[in-house]
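Chemist: Got a structure here, written out as structure tokens. Questions coming.
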Amino acid sequence: MTYPLIAAAFLAAAMTACFTGIESTPKITDSEIRRQNVRERPEDSYLSDIKAEPFEKWARGKKFYVTDNRFSLLLLPTEEKTDSLAGQIVNFESSRELTDITGNRIVELAFATDNGTPLFYRTSHSRTAIENAGKLDIPFLVELSVIDQVREKLLRKSFYVITANWYDLNLSSLTGRKFIHATIADIRPGNEYYSTLLELNDEKGAPFCLFMSVGNDLKTLRNFGSLFSFNDPRKSHPDISDETWKNIVNGRVTTDMTRDECRLALGAPATIDSRVGYSSIREVWTYENGIYLIFEDNLLKSFRQ
């Protein structure tokens, strides 16, 4: 029997054992869990005043950072070689509206690299449509004026990190620690998914990175509020022992932790399956990465992490 089948059998047995004559509630999904725990925090709107500049205000020389060489695939052919643009700065030169082969009005943008290489990008929208939208997103470009605004608000400030999804300085993913105090040491352009890259130092001075989306960048929901807290989360949980808090900070669970403690350590589960027996209430929490937790009367009794 393969490992996935063994795990499935174990879960099935755990859920059915000692449950003769019980009632089972429907499974609660991740989206329902999140809706139940929605609470507005000042951190959620902290950078809401940072927005991309409206297209009609773009001036010659406006700077963008190229996040990926795939940007070259979106450009019109030129005599210049333009397949190694990742990491370079390109400058907005001008725009013009023209009619494409289907008869639609579209805007063509002219850019230039710092060494003067011309680049041409055609949108699929008219000037009026772009101006009505209030902004113009171009794949694989990060607007440097946005990064400058973030730098002005965050550089050298300290916050409590509430995510364990860290990156090292080579931008390789790693599992970090939650609820620790960290200082933002640098702000740089991010990638095609997250416009901003934050470099931080933890309480011992060790560096790590976080990606963040900013302002009216709606491609992702990894905003400031999902990464940071203004206040020390430890002070909000004075009843949790120091030993248990250490496990929470490092994303670990142990038996006899409460549901709230496990949620702090691992985040919200993908689903919760709750069953009521004659003498106890049992819940199984499952996560998308294969972790599952089994609670009896609010205490963790077994798990796979």
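The values are calculated or read from the model by the stated rules, or taken from the named source; none is laboratory data. The structure displayed is predicted, hence computed values, not measured ones. FYI the Cβ positions are ideal-geometry reconstructions off the backbone, even for glycines, and counts take in every protein chain you see. Side chains are part of the model used for accessible areas, which takes the heavy atoms of the whole protein and leaves out ligands, DNA and RNA. Shrake-Rupley method; radii C 1.70, N 1.55, O 1.52, S 1.80 Å.
Chemist: Would you tally the net charge around Arg304, using a Cβ to Cβ cut-off of less than 14 Å, leaving Arg304 out, and scoring K and R as +1, D and E as -1?
Modeler: So the surrounding residues net to +1.
Chemist: Order the peptides 207-214, 62-69, 82-89 from the highest to the lowest mean number of other Cβ atoms within 10 Å of their residues.
Modeler: 207-214, 62-69, 82-89
Chemist: Per residue, how much accessible surface does the chain expose to a 1.4 Å probe? Answer in Å², no decimals.
Modeler: 56 Å²
Chemist: Quick one: which of 133-139, 169-175 comes out on top by average Cβ neighbours within 10 Å, and what's the full order, highest first?
Modeler: Working: 133-139: 14.9, 169-175: 9.4.
Order by mean packing, descending: 133-139, 169-175.
Chemist: Sticking with this one: Assuming 0.36 nm per residue, please report the length gained on full extension of the stretch Glu288 to Ser48 beyond their Cα-Cα distance.
Modeler: 83.4 nm
Chemist: Can you give me the distance in nm between label points at Arg122 and Lys153, each placed 7 Å from the Cα along the Cα-to-Cβ direction?
Modeler: 3.7 nm
Chemist: Further question on the same structure: Alpha carbons only, please: Rg and Dmax for the stretch 79-220, in angstrom.
Modeler: Every Cα atom of the stretch 79-220 included, Rg and Dmax give 18.8, 61 Å.
Chemist: Now for a different question. I need the per residue convex hull volume for the stretch 61-131, using only the alpha carbons, in cubic angstrom as a whole number.
Modeler: That works out to 97 Å³ per residue.
Chemist: Might you report the magnitude of the Cβ-based charge dipole of the stretch 169-305 about its Cα centre, with Lys and Arg at +1 and Asp and Glu at -1, to the nearest 20 debye?
Modeler: Once rounded to the nearest 20, the dipole reads 160 debye.
Chemist: Let me ask something else. Would you calculate a helix-derived [θ] at 222 nm for the chain, using -39,500 (n - 2.57) for each DSSP H run of n ≥ 4 and dividing by the full residue count, to the nearest 500?
Modeler: -5500 deg cm²/dmol
Chemist: Which translational diffusion coefficient, to the nearest whole µm²/s, is obtained for the stretch 212-305 from the Stokes-Einstein equation, given a Kirkwood hydrodynamic radius over C-alpha pairs, 10 °C and 1.306 mPa s?
Modeler: Values: Rh = 15.0 Å.
Here the translational diffusion coefficient equals 106 µm²/s.
Chemist: Which distance in nm do the two modelled labels at Ser173 and Thr271 give, with both placed 7 Å along the Cα-to-Cβ direction?
Modeler: 2.2 nm
Chemist: So what's the gap between the Cα centers of the stretch 252-291 and the stretch 189-248, to the nearest angstrom?
Modeler: 23 Å
Chemist: Same structure again: For the stretch 231-305, which chymotrypsin sites (Phe, Trp or Tyr not before Pro) pass both filters: DSSP loop (anything but H, G, I, E, B) and at most 15 other C-beta atoms within 10 Å?
Modeler: When the chymotrypsin sites (Phe, Trp or Tyr not before Pro) of the stretch 231-305 are filtered for loop state and at most 15 Cβ neighbours within 10 Å, Tyr278 remain.
Chemist: Could you tell me what percent of the accessible area of the chain is made up of carbon and sulfur, with a 1.4 Å probe and every protein chain present?
Modeler: Within the chain, the accessible surface is 51 percent carbon and sulfur.
Chemist: Along Cα→Cβ, 7 Å out, is where each label goes; now give me the distance between the ones at Asp232 and Leu144 in nm to one decimal.
Modeler: 4.1 nm
Chemist: If I take all pairs of Cα atoms in the stretch 135-184, what percentage of them are more than 14 Å from each other?
Modeler: Distances greater than 14 Å cover 68 percent of the Cα pairs.
Chemist: Still on this structure, I have one more. For the chain, what log10 I(q)/I(0) values come out of the Debye formula at q = 0.12, 0.13, 0.16 1/Å, with one point per alpha carbon and no solvent?
Modeler: -0.91, -0.99, -1.24
Chemist: Among the GluC sites (Glu not before Pro) in the stretch 190-260, which ones are in a DSSP loop with at most 16 other Cβ atoms within 10 Å of the Cβ? Mind listing them?
Modeler: For GluC sites (Glu not before Pro) across the stretch 190-260 that sit outside H, G, I, E and B with at most 16 neighbouring Cβ atoms in 10 Å, the list reads Glu192, Glu203.
Chemist: Placing unit charges on C-beta atoms (Lys and Arg positive, Asp and Glu negative, everything else neutral), compute the dipole magnitude of the chain about its Cα centre in debye, rounded to 20.
Modeler: Working: 37 positive and 42 negative charges, 39 e Å.
The dipole magnitude comes to about 180 debye.
Chemist: Setting aside same-chain residues fewer than 8 positions from Lys51, which lysines have a Cα under 30 Å from its Cα?
Modeler: Lys62, Lys63, Lys135, Lys153, Lys157, Lys178, Lys219
Chemist: Kindly give the semi-axes, whole Å and largest first, of the ellipsoid equivalent to the stretch 136-286, taking each as the square root of 5 times a Cα gyration tensor eigenvalue.
Modeler: 34, 19, 12
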